Amino acid sequence: MTNTQVTLIQLDNYGPWTVTPEPRREVDLQTMQSRLYADLSQLFGNRDGYVFFSRFDNMIAVTNGLDTDDHALIQESVANRYPVTVSLSIAADPAPIAALGTATDQLQDAGSAQDKDRRSVLRGDPLADADRTDDDLRIAHFDVNDATGQYTDELNEFDTFINIEQGYAELMRYMRRAHDSLSFFVGGDNVIAVCAGMTAEEYRDAVSHVRETVDVELKVGVGEGATAHEAGMDAKHALEACRHDGRAVVIDD
């Protein structure tokens with residue numbers, strides 16, 4: 001059974017900061033967002049976690065193996081480097097969407113993201129070592145079949161992006177609705193999903209749904225592990241097996 005630990009990352013007082021003392025240049029906001037995401041990706045990644053940018057002022061991390069002290073150190077690092085702080089909320093559940101729901105409730109109870117007095121809140125309880133297993137996480141790595149041949153080398157970049165976006169948006173909706181899973185666009189033509197327990201047939205069904213709904217062909221490699229890094233690397237190897245022999249779904253076991 002999966003047991004996903006999720007950390008909701010929320011910038012404190014970010015909206016007011018963007019217009020104080022006057023509206024800031026959009027280029028400066030985009031630069032700060034991208035640098036903060038990169039730093040958080042490295043800070044969590046150095047501890048075998050994954051961070052997904054979501055809306056940038058809110059981010060979602062998969063943090064199996066990280067304890068409360070790890071989270072506090074990450075908050076301290078951000079506070080030392082940036083004009084904003086981050087509040088973090090940790091929760092775990094067999095269903096990733098349920099873990100995120102609990103994490104969200106905990107952070108909302110601590111005050112609004114627009115509250116000028118909220119700073120570096122840390123809520124929730126990480127998984128205890130005694131509750132962890134070597135297959136707590138199930139990560140699925142999807143990509144588009146022959147994206148270069150179908151889109152990149154045939155269409156302008158904006159139309160290519162529209163096609164890719166339609167594929168990952170439909171996948172995100174379907175995986176959340178049908179399987180309580182969290183899926184994230186990670187660049188290029190790739191989507192990483194943090195999944196509850198799913199069978200090979202259910203992954204094939206997801207691929208078929210996207211093809212039938214928006215005419216985008218996907219393949220997926222699936223891995224398991226105690227941390228996001230371990231499960232994600234297994235998923236990458238499984239995806240390479242898809243590319244090698246043409247299968248739509250490969251589960252690394």
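Per-residue answers, yes or no, for (1) in a strand (DSSP E or B); (2) in contact (Cβ under 8 Å) with a residue 24 or more places away in the chain; (3) within 14 Å of Leu122 (Cα to Cα); (4) under 16 Å from the mean Cα position of the chain (by Cα):
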position: Arg24; (1), (2), (3), (4): no, no, no, no
position: Asp28; (1), (2), (3), (4): no, no, no, no
position: Asp39; (1), (2), (3), (4): no, yes, no, yes
position: Leu88; (1), (2), (3), (4): yes, yes, yes, yes
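Do we have Ile74 as modelled with pLDDT of 95 or more and either under 21 Å from Ala178 (Cα atoms) or surrounded by fewer than 18 Cβ atoms within 10 Å (Cβ to Cβ) (or both) here? Spelling it out, it is not the case that Ile74 is modelled with pLDDT of 95 or more and either under 21 Å from Ala178 (Cα atoms) or surrounded by fewer than 18 Cβ atoms within 10 Å (Cβ to Cβ) (or both). When Ala140, Ala196, Ala130 are checked against the criterion of being small (Gly, Ala, Ser), closer than 30 Å to Glu230 by Cβ and in contact with a Cys (Cβ under 6 Å, 6 or more places away or on another chain), a single residue qualifies: Ala140.
Determine, yes or no, whether Arg25 is out of contact with any strand residue (DSSP E or B) (no Cβ under 6 Å at 6 or more places or on another chain) and surrounded by fewer than 12 Cβ atoms within 10 Å (Cβ to Cβ). Give the derivation first.
Numbers: out of contact with any strand residue (DSSP E or B) (no Cβ under 6 Å at 6 or more places or on another chain): yes; surrounded by fewer than 12 Cβ atoms within 10 Å (Cβ to Cβ): yes.
It is true that Arg25 is out of contact with any strand residue (DSSP E or B) (no Cβ under 6 Å at 6 or more places or on another chain) and surrounded by fewer than 12 Cβ atoms within 10 Å (Cβ to Cβ).
Within region 202-224, the set of residues being surrounded by fewer than 23 Cβ atoms within 10 Å (Cβ to Cβ), closer than 11 Å to Val250 by Cα and either over 21 Å from the mean Cα position of the chain (by Cα) or of a type in the set (Ser, Thr, Tyr) (or both) comprises Arg204 only.
Would you mention how many residues in region 12-39 are within 21 Å of Glu76 (Cα to Cα) and among the charged types (D, E, K, R)? Residues meeting the conditions: 3.
For region 90-124, a tally of residues being more than 20 Å from Pro16 (Cα to Cα), open to solvent by less than 30 Å² (accessible area, probe 1.4 Å) and assigned to a loop (DSSP other than H, G, I, E, B) returns 1.
Checking each residue in region 184-197 for being open to solvent by 10 Å² or more (accessible area, probe 1.4 Å) and either out of contact with any Gly (no Cβ under 9 Å at 6 or more places or on another chain) or acidic (Asp, Glu) (or both) picks out Phe184, Phe185, Val186, Gly187, Gly188, Asp189, Asn190, Ala196, Gly197. Scan region 145-161 for residues that are without any contact (Cβ under 8 Å) to a residue 12 or more places away in the chain and of a type in the set (Gly, Ala, Ser) and the total you get is 1.
In region 3-17, which residue that is open to solvent by 10 Å² or more (accessible area, probe 1.4 Å) and within 21 Å of the chain's Cα centre (by Cα) is modelled with the highest pLDDT?
Taking region 3-17 and keeping what is open to solvent by 10 Å² or more (accessible area, probe 1.4 Å), we get 3, 8, 10, 13-17.
From what is left, the residues that are within 21 Å of the chain's Cα centre (by Cα) are 3, 8, 10, 14.
Numbers: Asn3: 93, Leu8: 98, Gln10: 95, Tyr14: 84.
Among them, the one singled out is Leu8.
All conditions in (1) within 21 Å of the chain's Cα centre (by Cα); (2) over 16 Å from Thr227 (Cβ atoms); (3) acidic (Asp, Glu) hold for Asp70, with the sole exception of (2).
Taking region 111-133, which residues are closer than 26 Å to Arg35 by Cα and over 22 Å from the mean Cα position of the chain (by Cα)?
Once the filter is applied, which keeps residues that are closer than 26 Å to Arg35 by Cα and over 22 Å from the mean Cα position of the chain (by Cα), region 111-133 yields Gly111, Ser112, Gln114, Asp115, Lys116, Asp117, Arg118, Arg119.
Within region 41-60, which residues are in a helix (DSSP H, G or I) and open to solvent by less than 60 Å² (accessible area, probe 1.4 Å)? Break it down into steps so the answer makes sense when it comes.
Here is the first cut: in region 41-60, the residues in a helix (DSSP H, G or I) are 41-45.
Across region 41-60, the qualifying residues are Ser41, Leu43, Phe44, Gly45.
Taking (1) under 20 Å from Asp67 (Cβ atoms); (2) touching a helix residue (DSSP H, G or I) at 6+ places or on another chain (Cβ under 6 Å) in turn, Asn3 satisfies each apart from (2).
The values are calculated or read from the model by the stated rules, or taken from the named source; none is laboratory data. The structure presented is a predicted model; accordingly, all values stated were derived computationally and were not measured. No Cβ is skipped: glycine too gets one built from the backbone with ideal geometry, and neighbour counts run over all protein chains shown. All accessible areas refer to the heavy atoms of the entire protein, side chains included, with ligands and DNA or RNA removed. Shrake-Rupley method; radii C 1.70, N 1.55, O 1.52, S 1.80 Å.
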